[in-house]
Amino acid sequence: MEKKENCLGNVTFNGSVTFNGPMFDIHDNQHVHIYHKGESEQKEEEEPDLQASEMLTVDERVRKAVLTLKSEGVLRHLYDYTWLMVVMNQTEGLPSFDTPQSFVTYLEGLQLVDLPEVSSVKKAYGNVLGDFPNWTFPDRDTTEATRRINVAKRFLSIYRKG
């Protein structure tokens with residue numbers, strides 16, 4: 001690959017970038033190359049990028065978050081997976097699911113075990129009202145509602161930490 005001489009400040013972008021005044025947001029860190037004067041692209045490719053190699057995919061992060069929730073005992077009931085489905089559907093950048101079946105199939109694809117039945121997720125899904133984190137649950141008291149919201153909060157926290 002030939003080094004691009006006409007790039008913005010010796011930075012090449014092969015992905016989505018949002019410019020906002022002097023600041024910019026890189027949407028795909030794996031396709032951004034920054035060169036200092038005198039450096040060649042070949043040298044950059046030979047040195048391993050530890051940060052990029054340590055980055056997990058979305059699916060890996062979801063899997064890690066679910067396994068952590070299970071090991072911490074946060075997922076007390078199989079229907080607690082429902083709160084993960086709903087928060088994922090309401091959070092930009094996370095997978096979204098049209099049906100409880102597609103959600104359970106996704107989790108199976110992540111090689112997770114001891115998953116809920118589709119009917120369990122479907123039944124609980126109908127009891128979530130509003131947008132996260134302001135969910136309400138007509139089927140339970142405020143203590144249980146708070147626990148359910150905290151399941152989703154903990155999932156997002158683990159997911160975002162990668």
Exercise for the section: Apply the Karplus parameterisation 6.51 cos²θ - 1.76 cosθ + 1.60, with θ equal to phi minus 60°, to every residue of the stretch 143-149 and state each ³J(HN,Hα) to the nearest whole Hz, in sequence, with x for glycine and proline. Expected result: 5, 5, 4, 5, 4, 5, 5
Completion exercise
Around Val128 (Cβ within 14 Å, Cβ-to-Cβ, excluding Val128; K/R +1, D/E -1) the net charge comes to +1
Exercise for the section: Report the paramagnetic label zone for Leu56: residues of the stretch 77-99 whose backbone N is under 19 Å from a point 7 Å from Cα along the Cα-to-Cβ axis. Expected result: 81-89, 91-96
Completion exercise
Under the Karplus relation with 6.51, -1.76 and 1.60 and θ = phi - 60°, whole-Hz ³J(HN,Hα) for the stretch 126-138, x at Gly and Pro, equal x, 9, 9, 10, x, 9, 4, x, 9, 5, 10, 9, x
Practice task
Using a 1.4 Å probe and counting only protein heavy atoms, arrange Phe103, Phe132 so the residue with the most accessible area comes first.
Solution key: Phe132, Phe103
Completion exercise
Zone reached by a paramagnetic label modelled 7 Å from Tyr106 Cα along Cα→Cβ, restricted to the stretch 56-73 with backbone N below 13 Å, covers 58-63, 66
Practice task
Would you mind checking which residues have amide H under 5 Å from Leu115's amide H? H placed 1.01 Å from N; only 5 or more apart, or other chain.
Solution key: none
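The values are calculated or read from the model by the stated rules, or taken from the named source; none is laboratory data. Remember, predicted model here, so these are calculated numbers, not experimental data. FYI the Cβ positions are ideal-geometry reconstructions off the backbone, even for glycines, and counts take in every protein chain you see. Ligands, DNA and RNA are excluded from the accessible area calculation, which covers all protein heavy atoms including side chains. Shrake-Rupley method; radii C 1.70, N 1.55, O 1.52, S 1.80 Å.
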